[in-house]
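Let me begin by presenting the structure, written as structure tokens, before commenting on it.
The values are calculated or read from the model by the stated rules, or taken from the named source; none is laboratory data. Just so we're clear, the structure is a prediction, and the values are computed from it rather than from any experiment. Here the Cβ is made from the backbone with ideal geometry for all residues, glycine too, and neighbour counts use every protein chain on show. The accessibility values were calculated without ligands, DNA or RNA, using every heavy atom of the protein model including side chains. Shrake-Rupley method; radii C 1.70, N 1.55, O 1.52, S 1.80 Å.
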Amino acid sequence: MLWSLLKILVFVAIVALLALGAGILMETAGGVQITVAGTEYTLGALQSVMALTVLVLVVWLFFKLLSLLIATLKFLNGDETALSRYFDKGREAKGYQALSDGMMALASGEGRLALAKASRAARYLDKPELTDLLTAQAAEMAGDTKKAAEAYKRLLGNQNTRFVGVRGIMKQKLSDGDTDTARQLAEKALALRPKHEEVQDTLLQLQARAEDWAGARKTLATKLKTGTLPRDVFKRRDAVLALSASKGVIEEGATVEQQEQAIEANRLSPDLVPAAAMAARAYIAKGKTRNAVRVLKKAWEAQPHPDLAHAFAEVAPEESAAERVKRFGQLSRLKPHDDETRLVMAELNIVAEDFPEARRALGDLAERAPDARALTLMAAIERGEGASDAVVQGWLTRALGAPRGPQWVCDKCNHIHSEWVPVCENCTSFDTLSWRRPETPEIASATGAHMLPLLRSTPVAEREDADEAELVEAEPASSDAEANGASSDTEDGSDSGSHIEDSADNDKPGK
């Protein structure tokens, strides 16, 4: 109310001042004389002011019309003007609306609609970094890979969108199964964005699948440097890569470099079972048995494993069965109640023909965790102590239907592997294998062929009367096996009883 009153008072004051000014001008003598074509015009003071005001308005209007004419000519010529900006603003509004609709369609899973909206947005907007990206993603959703590839290639031409284009083409190559090209593109993408975690993981996985261990270790170092990988995980995976690069150390003629890589892998991760076993074999090849024993004992303390027992047996391949039992006491004292320790010591005592001690070493394992290996060892113990064929065959029958026990299982897809590998054979995940019992236990054997020697063997008391063929096939522990055959199976997870028999039959040192 007060504001309205104030506005009225101001208006009245302005009108009063104008009226006062007009009155003063009317009373003022003199004026302006204008001569046009011999005609003289005399204007009073008030008339002069009014004429001057009209003249100013005319001049202003003239310049406005002139500006409009010039703007029209520029618009027709294609130059940017207020008029062109007005129309561009409308086009831009339509383009952004189409872009927004396309993104909504993309989020809703309507690929074809998103592709149509992306095409409309591209007509109205001069924003290829936006419209090409929408086009590529919409084309992928709609299944038009050719159009998507074209859009990603256009993105390569802009430095700001180059990474997006490289990454998009890389994912297309992965979908097509062209892993070699995808790996090269992943390397380029990582060079553009070193901190991009998805590209880091993709490149690391592709390099591991291609067995490019040196490149994979560089990528892993990049992950550590950029903070996308904890240091403890880095050390473990770096050890896995070093181990993978040195797998040839167990083969005859392994180079010194491979031996050093195996030792380095164990240094990086002492509890990594394959690394410890390979490092021990590398030390054995160099004649450094004390170092091999130290490595194996440290790994056994972390996780007892059949591979470690095999490597420990290779430290002294010519020792007798009794000497081997005594030497393996170094391992058994580290983890005396572990299942693997019980199995190994039971097998060693069977080879040494100390069946009561083998039974004590095995304990209640055959009832508490009845896998094929434990049950077959019980059959060997019963056979060694002179039990009837029915008792022995009863244990073997149970072993035929029992699970194989701990194996290398992928933590991601639960795929079972016969031996450790850095990359899962099923889902191609890197460093996901762990030694454990599968969630769905695998049956030991469909035929039980690996237990035939025990099924056809004869009691200990009757061995002297058996012919030579039966001894070769059935004897649980010969004198040669006492020197060479006392460690648990690591090659394929088969039971220990068959391994003992194979050692006796084939006379393979270190087995």
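Looking at the range 150-173, which of its residues are of a type in the set (A, V, I, L, M, F, W, C) and surrounded by fewer than 18 Cβ atoms within 10 Å (Cβ to Cβ)? Passing the criteria: only Leu156.
Scan the range 188-202 and report the pairs whose first residue is open to solvent by 70 Å² or more (accessible area, probe 1.4 Å) and whose second residue is among the polar types (S, T, N, Q) and not in a helix (DSSP H, G or I), with Cβ atoms within less than 6 Å and a gap of 6+ or a chain change. From the range 188-202, the pairs are Lys195/Thr226; Glu197/Thr228. Tell me yes or no: at least one residue of the range 289-306 is of a type in the set (A, V, I, L, M, F, W, C) and open to solvent by 60 Å² or more (accessible area, probe 1.4 Å). No, every residue in the range 289-306 fails to be of a type in the set (A, V, I, L, M, F, W, C) and open to solvent by 60 Å² or more (accessible area, probe 1.4 Å).
Yes/no per residue for (1) touching a residue at least 12 places away in the same chain (Cβ under 8 Å); (2) over 44 Å from the mean Cα position of the chain (by Cα):
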residue	(1), (2)
Val293	yes, no
Pro304	yes, no
His337	no, no
Thr341	yes, no
Val344	yes, no
Ala358	yes, yes
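Of all residues in the range 257-273, which are in contact with a helix residue (DSSP H, G or I) (Cβ under 6 Å, 6 or more places away or on another chain) and not β-branched (Val, Ile, Thr)? If the condition is that a residue be in contact with a helix residue (DSSP H, G or I) (Cβ under 6 Å, 6 or more places away or on another chain) and not β-branched (Val, Ile, Thr), then Gln258, Gln259, Gln261, Ala262, Glu264, Ala265, Asn266, Leu268, Ser269, Pro270, Asp271, Leu272 are the ones that fit. Of the helices (runs of 4 or more DSSP H) lying entirely inside the range 116-205, the ones with 2 or more residues being of a type in the set (Asp, Glu) are found at 128-142, 179-192. Across the range 308-366, the qualifying residues are those that are polar (S, T, N, Q) and surrounded by fewer than 23 Cβ atoms within 10 Å (Cβ to Cβ), and the one among them that is nearest to Arg404 (Cα to Cα) is Thr341. Please verify whether the range 374-387 includes one or more residues that are open to solvent by 40 Å² or more (accessible area, probe 1.4 Å), at pLDDT 90 or above and of a type outside the set (Val, Ile, Thr). Checked the range 374-387: at least one residue is open to solvent by 40 Å² or more (accessible area, probe 1.4 Å), at pLDDT 90 or above and of a type outside the set (Val, Ile, Thr). Cβ separations smaller than 7 Å between residues 6+ apart or across chains give the following pairs from the range 34-55 residues that are charged (D, E, K, R) to residues that are in a strand (DSSP E or B) and modelled with pLDDT under 75: Glu40/Gln33.
If you go through the range 121-141 and pick out every residue that is crowded, with 18+ Cβ neighbours inside 10 Å and of a type outside the set (A, V, I, L, M), you end up with 6. Which of the residues that make up the range 271-290 are within 25 Å of the chain's Cα centre (by Cα) and outside any helix (DSSP H, G or I)? Selection gives Asp271, Leu272.
Which of the residues belonging to the range 229-270 are modelled with pLDDT of 85 or more and outside any helix (DSSP H, G or I)? Within the range 229-270, Leu229, Pro230 meet the criteria.
Cβ-Cβ contacts under 7 Å between residues 6 or more apart (or on different chains), taken from a first residue in the range 430-447 that is modelled with pLDDT under 85 to a second residue that is part of a loop (DSSP other than H, G, I, E, B), are listed as Glu439/Asn414; Glu442/Arg404; Ile443/Gly401; Ala444/Ala402; Ala444/Arg404; Ala444/Asp495.
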